[in-house]
Each structure stands twice: as C-alpha cells, then as structure tokens.
1. Whole-Å semi-axes of region B:1-43's equivalent ellipsoid, largest first, each the root of 5 times a Cα gyration tensor eigenvalue?
2. Would you count, across chain A, every pair of lysines whose alpha carbons are under 16 angstrom apart, provided the pair is eight or more residues apart or spans two chains?
3. What Cys residues in the protein assembly as shown have no fellow cysteine's beta-carbon under 4.7 angstrom?
4. Per residue of region B:66-80, what does 6.51 cos²θ - 1.76 cosθ + 1.60 with θ = phi - 60° give for ³J(HN,Hα)? Whole Hz please, x for Gly and Pro, Karplus curve as stated.
5. What's the center-to-center distance, using Cα atoms, between region B:88-104 and region A:1-42 in Å?
6. Taking 10 °C and 1.306 mPa s as the conditions, I'd like the Stokes-Einstein D for region B:29-76 in µm²/s, using the Kirkwood hydrodynamic radius from alpha carbon pairs.
7. Compute and list, largest first, the equivalent-ellipsoid semi-axes of chain A from the alpha carbon gyration tensor, each √(5λ) rounded to a whole angstrom.
8. Can you tally the lysine pairs in chain B where the Cα-Cα distance is under 22 Å and the two residues are eight or more apart, or on different chains?
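Read the figures in this text as sums done on the coordinates, not as results from a lab. A quick note: this is a predicted structure, and the numbers were derived from the prediction, not measured. Backbone-built Cβ (ideal geometry, glycine too); neighbour counts: all protein chains shown.
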Amino acid sequence: GAVVSQHPSWVICKSGTSVKIECRSLDFQATTMFWYRQFPKQSLMLMATSNEGSKATYEQGVEKDKFLINHASLTLSTLTVTSAHPEDSSFYICSARDRGGELFFGEGSRLTVL
Amino acid sequence: AQTVTQSQPEMSVQEAETVTLSCTYDTSENNYYLFWYKQPPSRQMILVIRQEAYKQQNATENRFSVNFQKAAKSFSLKISDSQLGDTAMYFCAFMKHEEYGNKLVFGAGTILRVKS
C-alpha cells in the first residue's frame, strides 16, 4: 500500500522554541494532506487541511499563527509549532490523500515541550 | 455536525476467541462512509474495514466483519479468531459521501487487549 512518512518521529524541545514536523507521501502525489493531534489514549482531532499550493484550512479553535502549515509540493507538507509551550506536547499525525481519494496515515510524531 | 461514539474504553479477549467492538454515530446525512481503523502500539493508523452506507451488505475482510444497522446508526466490528497482533486501539470513523477522501470524524477509541 501507499506509504506516508513523518519526520521526526520523536522530538523534545525547550519552551519558546519552534519545531517543524514533515509529512511526506513516498510513492504517490498528495494534493491534500491532513494534520491531526492526539492526546494519550484519546481520539484524533483534525487540526487543519493542507492543500498543495494554497493556504491551509484550519478547524475551529486551532490557532493558525501557532501551527503553521506549508504544503509546498505534491509530496510534502510541514507543520511548524511556533513558540512551543508544554501544553503543545502531543502526538501529531498526518494523513495524505491519493488521487483515488484514499487516505493513508503517517507514523506520527511525538512532541514533548520542556 | 456528525458525532461518533464508542462506549467501550477498553476490552479484553482471549486469543482465538471472538470480540465485538461497538460504535454508534449521529448524522442527518443519507450517504456516507464508515470506517474502522486500528492503531497498534507502533502508532501508525491502519484501515481495517470500510462500509458504504448505501450498501446493505455488511463488509468483511478476512477475520474482520461489521454489523451495520443504518436505521439504528450502529456500526460494530467483530474480530474472529483474535490474535495477539490484534492488540491495538480501534477507532470508528465517519465520512460524508460527498467529502470522500476528506474529513474523518473519529470516535474516542477502544483499547483492545488480546491475551494469550
């Protein structure tokens, strides 16, 4: 099946710094990617929809200046958590949609802000 | 807005036995898709099974089958001959038909532990 890769899989940063997480579709082109946030033992909450070449669409309550999303190519979307704080610590998951409309998920990235 | 409810936070099953995970949803849509996803400890979400609402026949994938009751808005997952590798968190999810490949609304999840 199609492969979606996230990097890094695990990152620790100091409070106030920014962290970038990459989501790549390795064997297909993805015009649309999605970013989710997952707290321990909880469900996935959609944060934003990332469209190649245009601005991301954020879900209600998600700060777009806090969570910067860039979808610069058909195989790469990035999520930058700016001025990270401990409450931003979470598991971030991306998914990518192929041309047939199928969704494939990345392995997730665990962010810990000290 | 659509909501998905999984009322069983945790379940256990003995290896080789059968277990059923519950899911109910609320929507005013007539056409939609329902999914069960598996999230093992490795964390990567894997699609287990998909059901299209306009199809009356319940979807099956090897040991996995669903009981789709549209009128009751119920979508349970049955895992037969449970294996240790089935240990994971299972999410029920909803997607509007016209938004195929777009937004998924997830339930809270059920942690399934398969015991040897």
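1. Numbers: eigenvalues 131, 33, 22 Å².
Largest first, region B:1-43 gives 26, 13, 11 Å.
2. On the way: A:Lys14/A:Lys66; A:Lys20/A:Lys64; A:Lys20/A:Lys66; A:Lys55/A:Lys64; A:Lys55/A:Lys66.
Final tally of qualifying lysine pairs is 5.
3. A:Cys13
4. Computed from phi, the couplings for region B:66-80 are 10, 10, 9, 10, 5, 5, 7, 6, 10, 8, 8, 10, 10, 10, 9 Hz.
5. One Cα centre to the other: 19 Å.
6. Numbers: Rh = 11.6 Å.
Translational diffusion coefficient: 137 µm²/s.
7. Values: eigenvalues 99, 42, 32 Å².
With the √(5λ) rule applied to chain A, the semi-axes are 22, 14, 13 Å.
8. 16
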